[in-house]
Amino acid sequence: MKRLIVILEVISLIMLTTLSGLSKNKSSILASFSPSKIEFVVDSLSKVYSQYIDVSVNVDAEDWELFYQLDITGIPKERILFAQGVNPAEYFYKPFSGRVSLARGGKNKGNTFLPRINIKFIPSWLDNPGVYSGNIVFSYSYLSEGKRELVSLGSIPIVITIKPIFSITVWSESRGKLRKLQNPSINNSYNTVTFLVPKPGKWESQEVIHLTVNTNYNRWSIQCLATELVEYEESKKSKRAIPPIPPDRLYIKGGDLSNYTPFSSNSSITIVSGENSGGDFTISFMLETDESVMAGEYKGSITFSFQGLETE
C-alpha cells in the first residue's frame with residue numbers, strides 16, 4: 001500500500017512540472033478593431049472610395065509580429081489598395097499582394113495601438129454590378145521554443161456593392177465643328193438634325209453625331225427615335241404652312257447598322273448593343289424626298305435612350 005502511494009506522488013510531480021513548463025511558453029494577443037466592417041457602395045465610377053481600420057492589441061508575447069491580408073473574389077486585388085498611418089500620401093498606397101506586416105515587438109505586455117490601416121477601392125467599368133464579399137484576415141506570429149508559430153487572430157468583413165451605372169456623351173459634328181450636346185448623367189439626349197433640300201432626292205444631314213458609351217451593365221443597348229422634320233423659317237417668310245416630313249422618310253446609319261435603315265413613325269430603332277463596357281460610335285442620317293416636299297431647310301429632333309440589363 002505504501003508503494004502505491006509513492007508511485008502516485010511521482011506521477012503527480014511529473015504532471016505539475018509539464019504544465020508549468022507549457023505555461024512559460026504560452027503567448028496571447030487580444031485585438032480590437034474599429035470599425036467592425038468595411039463597406040463600399042459604388043454609385044459612381046469616377047471617384048475613389050476609402051475607409052480605414054484602427055487596431056488595438058493587448059500583447060503577452062515575446063518576439064511577436066502582427067499581419068493582415070485580403071481575401072476576396074470577383075474584384076481584382078490590384079484595385080484594392082492599402083497604406084498605413086494617418087493621412088498617408090498617395091504614393092504610399094500599394095495593392096494587396098499577400099500577407100502584410102502591421103507591427104512587431106519584443107517582450108510586450110499591455111495595450112498597444114498600432115498604425116492605422118487605410119483601404120481604398122478604385123472602381124472600373126469592367127466591374128459587373130453586384131455585391132462582392134470577403135474578409136481582411138488578421139494573424140500573428142510569435143517565437144515558441146525557438147520556432148516561429150503563426151496563429152489566426154480574427155477577420156473583418158469587407159463588402160463592395162457595385163450599382164448599375166451608365167454614361168452617354170453625345171457630340172455633334174457640323175461643318176467641321178464639334179459641339180458637346182449631352183450631359184453624361186442624363187438618360188435621354190435630344191439632338192437636332194438639319195437637312196438642306198433643294199429638290200427631290202437623297203440628302204445627307206448637316207450633322208454627324210458621335211456617341212461615347214460607358215457602362216458596367218452586362219448587356220445594354222442604345223435606341224434612337226426621330227420626330228417629323230419641319231421647315232419653320234420658310235413658313236415664317238411665306239406666311240403659309242409647309243407640310244412637315246414624316247419620320248419614315250428619314251434614315252440612320254452607324255453603330256450596328258452598316259447600311260441606312262429607315263425610321264418608323266412611332267417606334268425607336270436599336271442602333272447599337274453590346275456586352276462590354278461601351279465604346280465610341282458615329283451616327284449619320286439621310287433624308288429621302290420626292291416632289292411632294294418643298295425646297296427648304298428642314299429640322300427634326302433625334303432622341304437617344306439607354307437600356308441596360310443585369311444578368312447573373
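From the mean inverse distance of alpha carbon pairs (Kirkwood) and the Cα radius of gyration, derive Rg over Rh for segment 27-162. Working shown, then result.
On the way: Rg = 16.1 Å, Rh = 15.8 Å.
Taking Rg over the Kirkwood Rh, I get 1.01.
Quick check on segment 244-312: what are the equivalent-ellipsoid semi-axes from the Cα gyration tensor, as sqrt(5λ), descending, whole Å?
Values: eigenvalues 173, 30, 20 Å².
Result for segment 244-312: semi-axes of 29, 12, 10 Å.
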Karplus-derived 3J(HN,Hα), 6.51/-1.76/1.60, for each residue of segment 76-82, Hz, glycine and proline x: x, 5, 5, 9, 10, 10, 9
Placed amide H near Phe96: partners under 5 Å, 5+ positions off or other chain: Ile80, Phe82
From phi via Karplus (6.51, -1.76, 1.60), per-residue ³J(HN,Hα) for segment 136-151 in Hz, x at Gly/Pro: 9, 9, 10, 8, 9, 10, 8, 8, 9, 6, x, 10, 8, 10, 10, 10
Amide hydrogen neighbours beyond the local backbone of Ile165, cut-off 5 Å, H modeled: Asn216, Tyr217
Signed unit charges on C-beta, dipole axis of segment 190-312, positive-most listed residue Cys224, Gly296, Leu211: Gly296
Estimated FRET transfer efficiency (Glu204, Arg116; beta-carbon r; R0 45 Å; 0.05): 0.15
Per-residue HN-Hα couplings for segment 51-67 [Karplus 6.51, -1.76, 1.60; θ = phi - 60°; Hz; x = Gly/Pro]: 8, 9, 10, 9, 10, 10, 10, 10, 10, 9, 7, 10, 6, 9, 8, 9, 10
Between segment 193-215 and segment 237-312, the Cα center-to-center distance that results, in Å: 8 Å
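Where a number appears in this text, it was derived from the coordinates with a stated rule and is not lab data. Note that this is a predicted model, so its numbers are computed, not measured. Every residue, glycine among them, receives a Cβ derived from its backbone with ideal geometry; neighbour counts consider all protein chains shown.
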